[in-house]
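The structure appears right after this line, and notes come after that.
The values are calculated or read from the model by the stated rules, or taken from the named source; none is laboratory data. Values in this document were obtained by computation on a predicted structure and should not be read as measured data. Here the Cβ positions follow ideal geometry from the backbone for every residue, glycine too, while neighbour counts run over all protein chains shown.
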Amino acid sequence: MPGWIVPILRAPLVAKIVGANAIVVAAIVSIAVATGWRPAGLGEVVSWGAAVFFGMLVTVTLVIIALRPLHALESTARRVWAGDLEARVPDSPVADRDTARIGETLNMVLDGLISDRSRMRALASAVISAGDEERARIEMTLHDSTAQSLAAISWELGALSRDASEVSLKPRINRVKKLTEQVLEDVRLLAHTVHPRVLDDLGLAAALVQLARQARELGGLDVMVRAESEAPDGLAPAETAAIYRVAQEALSNSMRHARATTVSILLRKEGDAIMLEVSDDGSGFDLLTTEKRRPGTGLFTMRERVSLVGGTLDIDSAPSSGTRVRARVPYPSQSSGSTA
């Protein structure tokens, strides 16, 4: 195809129609002049010109009206792409039968998408809940059985070291005792990583404080926690766990990837929701590039987990500008808790 034709074919439909009408009028005038036709006077020229103008105006108006339903289709598609899955193509009084059928088909597809998405979310929520329950059972086993057994072994080794008559055996028994104590600490840390019992016993704010303390001990981070409001009684365990896991993942990313030195964790009440904000002074990253390169990373996991409990997650980051993660989880209207 010649290169000069492409811009013509890509021109707006109204411009094409006006251009086509202009070519037809020019052809008619050329044929009339070639055959010897001459206007009778200025009035005839004005009449012909007015007829051509109003004919083109009517054509352009009809085309604009006919294209309006297509603009509605485009607007609906853009809203769906932006995340508004409740958007639907509205009924148009000027849509022809074929265009209206396209809108109805798109609405049927969106309805099916919403239905499938609801089933997928219900399944994912059930899987996450089952995983949380299983981790809680594993944590209980590690804490109440394995850790207690190791503590008993350590105590028995200490008693054996005191009662041993052979002097050469005491250093060896003490080394075994130290190894046992180290394994005991590892088991306790693993139990907390699997499921933080403090989250069930003392609540979200206390669990965040303990999480920050562990980050200071393990990663050397300067972590500050400020809880302006305790989570209300109406916040279900699923919502509480989602907020905690977001804080855990954001803090882990600050330690492993961002090379941050200072992290701030803020928990506060915001209207009818609980807001968690985790900010660091790390290296930051380009969000779009990271999600395209690694779509299955913790960023996706955080966003989906918060979404499953009806919340939203916003990530604000740029290279050399640090990172801020904000999770907002709604809860039923309850009286506010005590200030922590």
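Considering only residues in segment 72-91 that are among the acidic types (Asp, Glu) and part of a loop (DSSP other than H, G, I, E, B), the one that is surrounded by the fewest Cβ atoms within 10 Å (Cβ to Cβ) turns out to be 86. Beta carbons closer than 9 Å, at least 6 apart along the sequence or on distinct chains, pair a first residue in segment 45-64 that is over 16 Å from residue 12 (Cβ atoms) with a second that is of a type outside the set (A, V, I, L, M, F, W, C) and surrounded by 13 or more Cβ atoms within 10 Å (Cβ to Cβ) for 52/21; 55/21.
One line per residue, one yes/no per condition, for (1) farther than 22 Å from residue 304 by Cα; (2) in contact with a Lys or Arg (Cβ under 9 Å, 6 or more places away or on another chain); (3) exposed (fewer than 14 other Cβ atoms within 10 Å of the Cβ):
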position: 218; (1), (2), (3): yes, no, yes
position: 227; (1), (2), (3): yes, yes, no
position: 237; (1), (2), (3): no, no, yes
position: 240; (1), (2), (3): no, no, no
position: 245; (1), (2), (3): no, yes, no
position: 262; (1), (2), (3): yes, no, no
position: 273; (1), (2), (3): no, yes, no
position: 278; (1), (2), (3): no, yes, no
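Has segment 55-69 got at least one residue that is under 37 Å from the mean Cα position of the chain (by Cα) and loosely packed, with under 13 Cβ neighbours inside 10 Å? Looking for residues that are under 37 Å from the mean Cα position of the chain (by Cα) and loosely packed, with under 13 Cβ neighbours inside 10 Å, one finds none in segment 55-69, hence no. The single condition among (1) within 30 Å of residue 116 (Cβ to Cβ); (2) modelled with pLDDT under 75 that residue 6 does not satisfy is (1). If you filter segment 105-139 down to residues that are free of Cβ contacts under 8 Å to residues at least 24 places away in the same chain and more than 18 Å from residue 305 (Cα to Cα), you find that the one that is surrounded by the most Cβ atoms within 10 Å (Cβ to Cβ) is 107. Condition check for residue 180 on (1) in contact with a helix residue (DSSP H, G or I) (Cβ under 7 Å, 6 or more places away or on another chain); (2) in contact (Cβ under 8 Å) with a residue 40 or more places away in the chain: one failure, at (2). For segment 11-30, check the following and say yes or no: at least one residue is in the same structural domain as residue 66 (by TED's automatic domain parsing), exposed (fewer than 10 other Cβ atoms within 10 Å of the Cβ) and among the basic types (Lys, Arg). Taking every residue of segment 11-30 in turn, none turns out to be in the same structural domain as residue 66 (by TED's automatic domain parsing), exposed (fewer than 10 other Cβ atoms within 10 Å of the Cβ) and among the basic types (Lys, Arg).
Of the residues making up segment 248-289, those that are free of Cβ contacts under 8 Å to residues at least 40 places away in the same chain and assigned to a helix (DSSP H, G or I) number 5. When segment 169-202 is limited to residues that are modelled with pLDDT under 75 and assigned to a loop (DSSP other than H, G, I, E, B), the one that is surrounded by the most Cβ atoms within 10 Å (Cβ to Cβ) turns out to be 196. When 114, 102, 128 are screened for being part of a helix (DSSP H, G or I) and either at pLDDT below 80 or closer than 30 Å to residue 26 by Cα (or both), only 128 passes.
Quickly run through segment 140-168 and pick out the residues that are of a type in the set (Ser, Thr, Tyr) and loosely packed, with under 12 Cβ neighbours inside 10 Å. Lay out the reasoning, then the answer.
Initial filter on segment 140-168 (of a type in the set (Ser, Thr, Tyr)): 141, 145-146, 149, 154, 161, 165, 168.
145, 165, 168 - these are the residues of segment 140-168 that are of a type in the set (Ser, Thr, Tyr) and loosely packed, with under 12 Cβ neighbours inside 10 Å.
None of 121, 137, 97, 188 is within 30 Å of residue 78 (Cα to Cα) and within 36 Å of the chain's Cα centre (by Cα) except 121. Does residue 104 qualify as being closer than 26 Å to residue 13 by Cα, assigned by TED's automatic domain parsing to the domain that holds residue 29, of a type in the set (Asp, Glu) and within 36 Å of the chain's Cα centre (by Cα)? So residue 104 does not fit the description; no.
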